[in-house]
1. Please report the carbon-and-sulfur percent of the accessible area for the chain; probe 1.4 Å, protein heavy atoms only, DNA, RNA and ligands left out.
2. Taking 0.36 nm per intervening residue step and subtracting the Cα-Cα distance, what contour gain separates Asn30 from Glu61 on full extension?
3. If you compute percent of Cα pairs over 14 Å apart for the structure shown, which of (1) 80; (2) 59; (3) 54 do you land on?
4. For the pair Ile46 and Thr18, how long in nm is the line joining their label points, each one 7 Å along Cα→Cβ?
5. Treating only the Cβ atoms of Lys and Arg (+1) and Asp and Glu (-1) as charged, compute the dipole magnitude of the chain about its Cα centre; round to the nearest 20 debye.
6. Of Lys24/Lys72; Lys7/Lys59; Lys15/Lys43; Lys15/Lys59; Lys15/Lys74, which ones are farther than 22 Å apart at the Cα?
7. Given a 1.4 Å probe, how much area per residue of the chain is accessible, in Å²?
Amino acid sequence: MLNKLRKINDLLINKYRTEENFKKLSIQLNIKKLLTQNDCFFKMSIEQAFTVLRELDIKKENFENIYLELTKPKN
């Protein structure tokens, strides 16, 4: 799932760079820094995680399931 979010982030970076939407581009570049860490969702609050998902244009009804998948313990 994290790799899917990274791909979405890369697509949005390219989109906002092309559109010269520097505010949105800046947000996506900051998210890219966060997503470089495999445990990034363990280090943030649920509110912060939902904000990241919202900025990645994830549908709100999917936030909880995606968050739970990203934060489930690895065996």
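The values are calculated or read from the model by the stated rules, or taken from the named source; none is laboratory data. Keep in mind that this is a model prediction, so the values were computed, not measured. Every residue, glycine as well, gets a Cβ built from its backbone with ideal geometry; the counts of neighbours run over all protein chains shown. Ligands, DNA and RNA are stripped out before the accessible areas are found, and what is left, the full protein with its side chains, is counted by its heavy atoms. Shrake-Rupley method; radii C 1.70, N 1.55, O 1.52, S 1.80 Å.
1. Working: 2860 of 5440 Å².
C and S atoms contribute 52 percent here.
2. Details: separation 31, 0.36 × 31 = 11.16 nm, distance 2.38 nm.
Here the answer is 8.8 nm.
3. (2)
4. Rounded to a tenth, the inter-label distance reads 3.7 nm.
5. On the way: 15 positive and 10 negative charges, 39 e Å.
Here the size comes out at about 180 debye.
6. Details: Lys24/Lys72 29 Å; Lys7/Lys59 16 Å; Lys15/Lys43 28 Å; Lys15/Lys59 19 Å; Lys15/Lys74 33 Å.
Lys24/Lys72; Lys15/Lys43; Lys15/Lys74, as the Cα separations exceed 22 Å there.
7. Details: 5440 Å² over 75 residues.
On a per-residue basis, 73 Å².
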